[in-house]
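Just below is one structure, and these are the notes that go with it.
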Amino acid sequence: LKHLFSSLAPPNPHGDAMHCAAIFAGAAALPADFPTVPMKGIDGPMRMPLYGIGTWEYNDTVAEAATLSAFQQGYRHVDTAWGYKNQVGVGKALAAAQVPREEYFVTSKIPGGLNASATTATLDECLTQLGLEYVDLMLIHFPATWSGEGGPAGRKEEWLALEAWAKQGKAKAIGVSHYCQRHVQDVQSVASVPIAVNQVQYHVGMGSAPDMATDYRDWMVSQGIVYQAFSSLCGPCDAPYNTELITGDLVTKIGKAHNKTGAQVALKWVVQQGIPVLPKSSNPQHIAENGALFDFNLTAAEMKELTQATTPPVAGNSPSDSGDCGVGEEVVV
């Protein structure tokens with residue numbers, strides 16, 4: 001399958017950030033021909049893979065099998081989190097894959113809403129569970145606790161603790177997830193290293209959605225923050241939206257023109273904008289298909305049609321609100 005991943009898409013009207021990536025050697029020595037985008041690391045520019053294997057909702061056993069299958073098929077990025085409770089399984093897969101550490105990329109996340117000491121302890125626990133000396137990217141998973149407790153002061157404290165930990169060589173880059181503009185601005189007010197990434201929900205159906213749905217996509221890009229997508233096949237969406245980007249009419253129609261699946265079309269729409277994706281599957285065939293995105297290009301007309309689609313909407317409070325932007329507001333009593 002190496003030939004499926006060996007070339008980048010040519011320039012397109014939706015951005016060709018991926019073509020600049022080759023000039024960034026970065027800390028992670030990914031294969032030179034691996035599709036990447038430039039990302040701001042703690043010590044300078046890095047290369048971030050344009051696709052990786054997601055592991056949300058997988059236990060250790062399933063995460064281990066899926067990650068190993070992905071790496072055996074040419075993947076070089078796995079995304080996990082302390083909250084997924086599967087980092088031990090991911091670590092076992094990385095060891096079994098026998099890929100040199102500098103040639104692959106690991107992303108993990110810690111919960112939001114932690115104080116400084118809890119942040120440091122949880123970060124160290126992530127490395128222990130993974131069996132690694134460092135991760136390439138560590139994210140704060142949410143702008144507050146999962147129940148919404150926490151405000152600007154807490155975000156600043158957690159970020160500074162993450163910075164101090166990463167500067168010990170334990171992470172090559174750090175970032176956030178589910179953050180909106182005001183959450184990021186809280187961090188920017190104290191940050192001494194770049195916010196590398198904001199990982200958020202993004203898929204076909206959201207291309208023309210408002211800021212509250214996309215967690216301020218355009219603003220994030222304007223700040224030099226990599227906008228990374230999760231749930232790009234709308235897996236957590238309610239039926240029938242949870243299958244629309246796999247077997248729906250629009251993606252299926254476009255897929256036939258390229259001899260590709262509907263899921264590959266939905267994922268290609270995202271990566272052709274220079275936005276990294278993290279499709280999740282435990283099926284080896286689907287894992288292979290989800291990575292085979294770089295031997296075809298969507299036309300400008302196809303990109304426009306997919307961008308203008310209004311379904312499936314963001315899975316959140318409403319079709320125009322992901323639910324992230326109202327999290328962790330300062331409460332005055």
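The values are calculated or read from the model by the stated rules, or taken from the named source; none is laboratory data. Computed from a predicted model, the values in this text were never measured in an experiment. Glycine also receives a Cβ, built like all others from the backbone with ideal geometry; neighbour counts cover every protein chain displayed. With ligands, DNA and RNA removed, areas are computed over all heavy atoms of the protein, side chains included. Shrake-Rupley method; radii C 1.70, N 1.55, O 1.52, S 1.80 Å.
For this structure, a couple of remarks:
- The listed residue being in a strand (DSSP E or B) and either open to solvent by less than 20 Å² (accessible area, probe 1.4 Å) or touching a residue at least 12 places away in the same chain (Cβ under 8 Å) (or both), out of V88, V106, V99: V106
- Selected residue (only one of T145, T122 is surrounded by fewer than 24 Cβ atoms within 10 Å (Cβ to Cβ), over 23 Å from Y227 (Cβ atoms) and touching a strand residue (DSSP E or B) at 6+ places or on another chain (Cβ under 6 Å)): T122
- Apart from one condition, S222 fits all of (1) within 27 Å of M46 (Cβ to Cβ); (2) among the hydroxyl-bearing types (S, T, Y); (3) at pLDDT below 95; the exception is (3).
- The condition (being open to solvent by 30 Å² or more (accessible area, probe 1.4 Å) and either without any contact (Cβ under 8 Å) to a residue 60 or more places away in the chain or of a type in the set (F, W, Y) (or both)) is satisfied by just one residue among K167, K172, K156: K156.
- When region 134-162 is limited to residues that are of a type in the set (F, W, Y) and farther than 10 Å from V187 by Cβ, the one that is nearest to the chain's Cα centre (by Cα) turns out to be F142.
- Considering region 250-333, the qualifying helices (runs of 4 or more DSSP H), each wholly inside and each with 1 or more residues that are open to solvent by less than 50 Å² (accessible area, probe 1.4 Å) and within 24 Å of Y179 (Cβ to Cβ), run over 262-271, 300-308.
- All positions within region 28-73 that are open to solvent by 20 Å² or more (accessible area, probe 1.4 Å), over 18 Å from V200 (Cβ atoms) and either assigned to a loop (DSSP other than H, G, I, E, B) or in contact with a His (Cβ under 6 Å, 6 or more places away or on another chain) (or both): A29, P31, A32, D33, I42, D43, Y58, N59, Q73
- Count of region 75-85 residues, restricted to those that are in contact (Cβ under 8 Å) with a residue 40 or more places away in the chain and either part of a helix (DSSP H, G or I) or over 15 Å from the mean Cα position of the chain (by Cα) (or both), is 2.
- In this structure, S117 does not qualify as under 25 Å from K85 (Cβ atoms) and open to solvent by less than 50 Å² (accessible area, probe 1.4 Å).
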